[in-house]
Each structure stands twice: as C-alpha cells, then as structure tokens.
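Laboratory data are not the source of any read-out in this text; all were calculated from the coordinates shown. Please read all numbers here as calculations on a predicted model, not as lab measurements. With ideal geometry, Cβ positions are generated from the backbone for all residues, glycine too; neighbour counts draw on all protein chains shown.
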There are 2 protein chains.
Amino acid sequence: MTVTIYDVAREAGVSMATVSRVVNNNPNVKPQTRKKVFEAIERLGYRPNAVARGLASKKTTTVGVVIPDISNAIFAEVARGIEDIANMYHYNIILCNADKRKDKEIRVVNTLLEKQVDGLLFMGGTVTDDHLQAFKTANVPIVLCATTDEHGTMPAVDIDHEAAAYDAVKALIEQGHRSIAMISGTLQDPANGYARFQGYKRALEDAGIAYDESYVRVGNYRYESGVDAMKYFLELPKRPSAVFSATDEMAIGAVHSIQDFGLKVPEDISVMSVDNTRMASMVRPKLSTVAQPMYDIGAVSMRLLTKLMKKENVEQARVILPHELISRQSVRAL
Amino acid sequence: MTVTIYDVAREAGVSMATVSRVVNNNPNVKPQTRKKVFEAIERLGYRPNAVARGLASKKTTTVGVVIPDISNAIFAEVARGIEDIANMYHYNIILCNADKRKDKEIRVVNTLLEKQVDGLLFMGGTVTDDHLQAFKTANVPIVLCATTDEHGTMPAVDIDHEAAAYDAVKALIEQGHRSIAMISGTLQDPANGYARFQGYKRALEDAGIAYDESYVRVGNYRYESGVDAMKYFLELPKRPSAVFSATDEMAIGAVHSIQDFGLKVPEDISVMSVDNTRMASMVRPKLSTVAQPMYDIGAVSMRLLTKLMKKENVEQARVILPHELISRQSVRAL
DNA sequence: CTGTTAGCGCATTCAC
DNA sequence: GTGAATGCGCTAACAG
C-alpha cells in the first residue's frame, strides 16, 4: 500500500540508511548513489512519513499556536505573521482557538504538547498560575504573543498597552481636549482592558484633569458596544468633547452613534482609538488611532521561538514592539 | 526524561497494554485496575505521545487546511467554522496559507500529506489538473471548501456564486434600476471573479438590458480598487444609477467614492454587494448585500470531511449552501 | 479482564 | 561512503 524507505532501498539496491541519508540531504553519499536513490523515489512515488520521522528524531517541525479567535481581524493578522515566519523556517503550525477561556486554553496546550510540537506560541487572556503550571510541564519552549504574565518570567512579545493608551489620550489633551471619555474593554482583560484604562487615567492625571467615573463605560470590543457606550455619553449633562476607545471597532460604533445623534465627528466630538485595523481607514471620517503592529508581533514571536527551539541564546526574551500614533480625520483641535 | 507508557505500567504494576487500554478508554478494564493506572499516570505526570500513537495506529487526528490568506476576514471566518467542528470531533488542524498560488498550494498539500493528516480541506484559487494530480496521490479524503473544480469530481462545499450575483443584480433591477455598473473581481478567479460576473450578465440579459462594457471595472477585492472603479463610473457621460460590487470591501470603497464626489448613497446612486462581512453593517449607510455563509461553509465542509474520514457513506458529496439577500440601506427604488 | 509480541517508518549510532 | 542493528512510544492482534 504505502511505500516506505525500505521499498526505496530495495528498488535502488542500497540500504535504508542510505536512503535516509539522501532524503535528509546528508552530504556523505556518493553523487551516483544519490542519483540512483532519487530515481527510485521518483519511480515509486515515495513520500517520507513525517510521523515516523518525528518519533525517531524527536522533532516534528510543527509548532502549536493557541489563539483567542481566528475570526477576529486582530488575531488573524498576528496569525499571518506567525505563519509566514514559521513557513520561512520550515515549520508548520497547529492552530487552536481558545476564546480566552482558561479551561480551554489549558486543555489545548496539553493536546498540543501531546502532539509533540517543537514549540508553542500562546496568545490568550490572562496568564494565570494554572497556565504557568501547564507550561512548566512542557519541555519545549513557549513564548507569549500579544500577552504577558504578571510575573514577567516567560519569553514574550507584545506592545506596551498602557503607553499606547497614554499616548492616544495625551494626543487628545494636546489638542486642547479636557473632557475626555473612554470606552474601555473589560478590566479583567489585563492587556486590552486594564492596561489601556490605566494609560487613560495616567494621561489625565499628568495633565491635571480630574478622573470622572461617569466618563468611562466598559464595552466588549465590538461595534455595538461602542454605539451603546457613546449613547450614554451623549446623554450626559456635560458631554465630553472627545472619546477614547480601546478598539477601532468600538470607535466606529461611537462615530455612528454621534452621527445618528445629529452631531459631527470631529467637529462636535473627536474620536481616537487603538488598533489601526484595516477598517480604520475604511470609514469616514478616517479614524485617528494608535497603530499596533500585529503582524510584527506574530512574526517576531515566531522568530523568537525558532531561536529558542534551536537553543540559540537570545539576549532579549521579552520584547516590546513600538506603537505609533496615526493622525487621520476623527480628531480636531479644540 | 520523558515518562512513557512503560513507566506507568511498572508504577501501576500492570502491563503496558493495560495502560494503553485505560488511556484509550477501552471498557475492558476492571475499575480497580483502571484506578491504579490513573493514579500512576497522575503520580508520574504521564502524557501520551501522539506521534508514537500516530505511527502505531496510522491515525493522527489532525487535518490539514490550506487557505489563501488567514488575515482575510472572509477566509478567517471559514477557518473558524472549520476549527469549531474539528474541535467538536477531536481533530486538530494544521493551517497553511498559500495565497492562491498554485506552486505553493501544491507544495503545502504535499507536506501536509507527509505529516499524515487524516484528511485535507482545500481552499484556493483555481483547482487545476496539477492540483488534481497531487490530490490523487493522497490516500486520505480531501474536500474543497469555498472552491470547486471545473470537472466537478471532488467533494466540495461552496455557494453558487453565479446565482448569488444574479440575485443581487435582479434585486437592483426590481427596484427599477436599468443602468447598473459592476465592480468585478478578476475574471481569472473562477468563483469570486468569473462566476459573479456571469451572474451579473445573465441578470441583465433576463431583464432585456443591454450589456455595456464600459459599465464593468475589474478590481482586486480591496477597498482602494472599489474607490478607483467608482471614480471611473462617476466620470462616465451617462452615470449608472446603481453599482453592483463583487465584494463588500470594494462596495464600501465605492460608497466613499460617491460621497466624496458630492453625491449620496442611496439617494443618488445605489450600491449592492456580495459577502455580508461584519463590516457591511458597520458602515453608513449600511450595505445591502447578498450574504454568504462563510462560517457554515467551513463547518459543513469539515463535517463532510469527518464523515469521509470515518468512511461513512455520504449521500451528497457536493453541497451548495444557500445565499440570502440582505436589504439594508444602500439601495433605493428608482 | 490482562499480558505478550510484533511491528508502525524512520534516524542514528556503530562498524566496515 | 555504506550497511546492519537498535529503538523512538505506542497500538493491535492474539493468547490466556
């Protein structure tokens, strides 16, 4: 049925060891023998069995990646960065959605480990001690991707969410805004939620603006929650002059909310967000936002992982990629 | 170093066969023995080696999926559908981007096959004879996903792109439009390109409207190409009263092009598209569009694959999922 | 219900 | 340069 290395050996009149050598590009084979073997391979349509190879060599050339949700544009972009670099280094990736649910995350980490992946890229919600516990049983490198653990003990690549938010709000302040509302993610989410909220607060503080609880609404990152949050702000006795949103999508919801209310962006209310997804420049007005290099986060973390897997020593196992303020049309000076 | 089934056997005072049985939930084990084994597993922190299992059982419980580009929202949605169902049936998926490039597609199919995947989901551009050739060497089931081969010989799940486009244009016609332009995808693309263009033409024909070449522009599915195509139409001596776009994204570009030109959607020009991505309802005016059930395409194709892998007999190996016209705000009656 | 015995297809010493 | 032998960790008959 399936043709093995044995069949090729017989066909070529050599030993299986020799076939193995040519398949693995081992230089210690006479060119003529190599040729014979290649011909036999061709004739038989031999295809190496990577599973057998994996068992014998203890390497699978595949890495596991756990991701919250591949249908989310942000993560899909990271995934593409991961896959491109993985491909470049001849790794394949096993992709698992875990929806930021701790139980599911830990479960998939374990099945990935059972599959003997050579390394793991973890992208999730909070990294708890239970996660760390599961990671510890792995004897392959693991790097956190767009996620960090509070202890800061694991290799990771991310951006500085707090600083990104800070910069966004600071930009608003520099444009003369003093009453700035925020549409936040859930505060349970350490990166997209809590950290960005902290950045907002710190920017306010540094500018001597009093923090006002009624100026903060928590959304779920989605368009609709942006709409709802903004509706709330619009009905406040003292409307904010600017709104900072933790994601582009909620920002777009906010813009539409404002427009439906009969006001204009940015003439009446400015809107600023974080992400710079493709959508940000596909709406009118185009969104001013802080760009996060999602593709790069994926690419860099995968690159880091390859180094770890090859046991090369890395100087910097925790890297923070720079963010960048992109000024477009949704903010105006007061 | 790594603890094997042998170690567990010794620890539990049973044979490796018994350990294998409990790990694989074989009922033929006395509860008490089972308990002993579980305890040994726990104590030793044993984790089954799926690679070894794969070699011995000739099943890997992983399927390969080749996809054009995971960072494209459309495909990411399909991928999510695939993964959800895969997960449900305890399969993992190896994800490979192939950018609709034939050489890359064939290459990844081969490496996926080397990895002994139990099945393959193929999502790509044109399925050529070379593809078919590569597929033929596989001795695992393969199903095409959001793609079909012209010969119609392979299992596949897709929507009827021609009919979807036809229905979209017909809806425009029923609203009284007679001069309808189209922003098409490349005609080399059999599904999103050629088929939708054919649907457009047929709808015109059926309504007795003459086909006008200058009313068709080919885009690349992206926002900017929608902007450009629309600019062209706007400068025509006789402007169309409606525009049909092969994708949401180009449609949004068209809308903005129209607005920038000083006209209104749908008051001055109606816009209709195909896709119904999340974005369609995140722009103003909300896009009227023909919905494609991308998630379902992924889910159904994965479900079909599981049946094929289990050698269940399937009545219908080629399934066309229904599309649906979603009327929102970008079309008005003439 | 449980143990023994063979492989699964290949990489990898170790000889020659 | 090349071949023979061994084992990777597990499943799957086959006995008992």
Chain B, Gaussian network, Cα under 10 Å: of B:Asn28, B:Asn192, B:Asn72, the residue fluctuating most is B:Asn28
Mind checking which of A:Ala9, A:Ser20, A:Gln32 is farthest towards the positive end of segment A:5-48's charge dipole, using Cβ charges of +1 (Lys, Arg) and -1 (Asp, Glu) about the Cα centre? A:Gln32
To the nearest whole number, what is the average tally of beta carbon atoms from other chains within 10 Å of the beta carbons of peptide B:47-58? 6
Skipping prolines and chain starts, which residues have an amide H placed within reach, meaning under 5 Å, of the one on A:Gln329, given they are 5 or more residues away or on another chain? A:Lys286, A:Leu287, A:Ser288
How crowded by other chains is B:114-121, given as the mean number of beta carbons from other chains within 10 Å of each beta carbon? 3
Given backbone amide H placed at 1.01 Å from N, residues whose amide H is under 5 Å from that of B:Met182, ignoring those fewer than 5 places away on the same chain, are B:Val216, B:Arg217, B:Phe244
Given a Förster distance of 22 Å, report the FRET efficiency between A:Arg202 and A:Ala333 from their Cβ-Cβ distance, rounded to the nearest 0.05. 0.50
Straight distance only, please: which lysines reach the Cα of B:Lys201 with their own Cα at less than 17 Å, same-chain residues fewer than 8 apart left out? B:Lys170
What pairs from A:Lys311/B:Lys58; A:Lys264/B:Lys264; B:Lys36/B:Lys310 go past 28 Å between their alpha carbons? A:Lys311/B:Lys58; B:Lys36/B:Lys310
What is the Cα centroid distance between segment B:232-253 and segment A:318-334, reported in whole angstrom? 33 Å
I want the antiparallel fraction of DSSP beta bridges within chain B, as a percent rounded to 5. 10 percent
Inter-chain Cβ neighbour average for residues B:278-288, partner chain, 10 Å: 4
What is the dipole size for chain A, taken about its Cα centre, with +1 at each Lys and Arg Cβ and -1 at each Asp and Glu Cβ, in debye to the nearest 20? 1500 debye
Which order do the peptides A:139-145, B:53-59 come out in when sorted by mean C-beta neighbours inside 10 angstrom, highest first? A:139-145, B:53-59
Can you list residues whose amide H is under 5 Å from B:Asn276's amide H, if they're 5+ apart or on another chain and H is modeled 1.01 Å from N? B:Asp248, B:Val290, B:Gln292
Nm distances between the label at B:Pro31 and the same-position labels in the remaining copies, 7 Å along Cα→Cβ, shortest first? 7.2
A:Ile320-B:Thr186 pseudo-label distance in nm [points 7 Å out on the Cα-to-Cβ vector]: 4.2 nm
In nm, one decimal, shortest first: how far is the label point of A:Asp84 (7 Å from Cα along Cα to beta carbon) from the matching points in the other copies? 2.9
Value at 222 nm in deg cm²/dmol, rounded to 500, when DSSP H runs of n ≥ 4 in chain B each add -39,500 (n - 2.57): -13000 deg cm²/dmol
Less than 14 Å Cβ to Cβ from B:His90, Lys/Arg counted +1 and Asp/Glu -1: what total charge do the surrounding residues give? +3
On the formula 1/(1 + (r/R0)^6), with r taken between the Cβ atoms of B:Asn25 and A:His90 and R0 of 25 Å, the FRET efficiency rounded to 0.05 is 0.10
Label point distance in nm, B:Arg43-A:Glu267, each placed 7 Å from Cα along Cα→Cβ: 7.9 nm
With one decimal in nm and the nearest listed first, the spacings from B:Glu315 to its own position in the other copies, using label points 7 Å along Cα-to-Cβ, are 6.7
Given R₀ = 41 Å, what would the calculated FRET efficiency be for B:Ser214 paired with A:Arg278, taking r from the Cβ atoms and rounding to 0.05? 0.85
Just to confirm a number: summing +1 for Lys and Arg and -1 for Asp and Glu over residues other than A:Lys59 whose beta-carbon lies under 9 angstrom from that of A:Lys59, what do you get? +1
Could you name the aspartates and glutamates whose alpha carbon sits less than 17 Å from that of A:Lys59, not counting residues in the same chain fewer than 8 places away? A:Glu114, A:Asp118, A:Glu312, B:Glu114
For a quick check, take a GNM of chain B with Cα springs below 10 Å and name the residue from B:Gly125, B:Gly176, B:Gly199 with the largest mean-square fluctuation. B:Gly176
So if I place +1 on the C-beta of Lys and Arg and -1 on the C-beta of Asp and Glu, and nothing else carries charge, what would the dipole magnitude of the protein assembly as shown be about its Cα centre? I want it in debye, nearest 20. 2220 debye
Overall form of the protein assembly as shown per C-alpha gyration tensor (a/c, 1.5; a/b vs b/c): oblate
Karplus ³J(HN,Hα) for segment A:230-247 (6.51 cos²θ - 1.76 cosθ + 1.60, θ = phi - 60°; Hz, whole; x = Gly/Pro) runs 5, 4, 4, 4, 5, 9, 5, x, 10, 5, x, 8, 8, 10, 10, 10, 6, 9
Tally Lys/Arg at +1 and Asp/Glu at -1 over every other residue whose Cβ is under 12 Å from the Cβ of B:Tyr46; what's the total? -2
Given B:Leu44, A:Gly219, A:Val65, which one lies farthest toward the positive end of the charge dipole of the protein assembly as shown, if we put +1 on the Cβ of every Lys and Arg and -1 on the Cβ of every Asp and Glu? B:Leu44
GNM result for chain A, Cα springs below 10 Å: residue of A:Arg217, A:Arg107, A:Arg21 fluctuating most strongly: A:Arg21
Given the peptides A:313-323, B:149-159, B:61-71, arrange them by the average over their residues of other C-beta atoms within 10 Å, most packed first. B:61-71, B:149-159, A:313-323
